[in-house]
Amino acid sequence: MDLTEKTKTEKYLYKGKIINLRLDEIELPNGEPATREVVEHPGGVCIAALTNDNHLLFVNQYRYPYKKELLEVPAGKLSPGEDPLECAKRELLEETGAAAEEFRFIGQLYPSPGYCDEIIHMYFAKVNTEGDPQPDNDEFLEVIKIPLEKAVDMVLSGTLADAKTQAAVLKVFTLKNRGQL
């Protein structure tokens with residue numbers, strides 16, 4: 001069965017610094033017309049950074065859409081044409097002050113595929129040095145270290161609500177327990 005939806009027209013409703021909003025007219029697999037609202041996003045990275053004492057590095061920051069602070073793994077938006085690994089190295093240093101001796105790609109995450117084309121490139125990093133964060137001028141955050149097993153418990157209890165953080169924590173825990181990290 002072919003499930004492909006065919007794009008007939010694309011109309012931009014908004015173009016911003018981070019996202020664009022598009023309204024597409026499409027044809028469904030059964031030939032019927034429909035519309036799709038699409039948020040275009042340049043994509044990003046997240047880093048599950050593990051220290052030598054088996055702690056993950058997190059950043060606590062205020063997230064305006066939710067009107068509260070969220071605890072997340074370090075992450076950031078890709079610049080046009082930027083290599084995801086280079087972005088991951090930059091974001092880890094900026095947000096946490098840490099540098100890693102080893103980076104390993106652990107997959108991609110589609111956070112909201114029903115309406116957004118964002119792809120988050122996920123990395124594991126083995127931290128070898130820790131320092132002071134170097135956040136952007138409009139970035140206010142607090143670095144927090146949490147033991148890996150406690151972070152898993154926080155995912156399972158719902159304390160860590162961010163999707164990329166949940167996926168990264170559980171992936172690293174699983175890969176480590178399987179001897180693959």
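All of the numbers you see were taken from the coordinates with simple rules; none came from a lab. Predicted, not measured: the structure shown is a model, and the values here were computed from it. Because the Cβ atoms are built from the backbone with ideal geometry, glycine has one as well, and the counts that use them run over all protein chains shown.
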Inset, instruction - Calculate, axis by axis, the spread of Cα positions in the range 58-123 along the three principal axes, and write the results as whole Å, longest axis first. - result: 34, 25, 21
Inset, instruction - Calculate one ³J(HN,Hα) per residue across the range 70-84 by plugging θ = phi - 60° into the Karplus curve 6.51 cos²θ - 1.76 cosθ + 1.60, and present them in order as whole Hz with x for glycine and proline. - result: 10, 9, 9, 6, x, 7, x, 8, 6, 7, x, x, 6, 6, x
Legend entry - the range 157-170 - phi-based ³J(HN,Hα) in whole Hz, Karplus 6.51/-1.76/1.60, Gly and Pro as x: 8, x, 5, 9, 8, 5, 4, 5, 5, 4, 4, 5, 4, 5
Legend entry - Value of Rg to Rh for the range 56-95 (Rh from inverse mean 1/r over Cα pairs, i.e. Kirkwood): 1.04
Inset, instruction - Determine the sum of side-chain charges near GLY97: Lys and Arg each +1, Asp and Glu each -1, restricted to other residues whose C-beta is under 10 angstrom from that of GLY97. - result: -4
Legend entry - Rel. contact order, % - alpha carbon contacts under 8 angstrom, at least six apart, the range 1-141: 23
Legend entry - Burial ranking of peptide ranges 106-112, 70-76, 11-17 (average Cβ count within 10 Å, highest at the top): 70-76, 106-112, 11-17
Inset, instruction - May I ask for the equivalent-ellipsoid semi-axes of the chain, computed as the square root of five times each C-alpha gyration tensor eigenvalue and listed largest first in whole Å? - result: 33, 19, 15
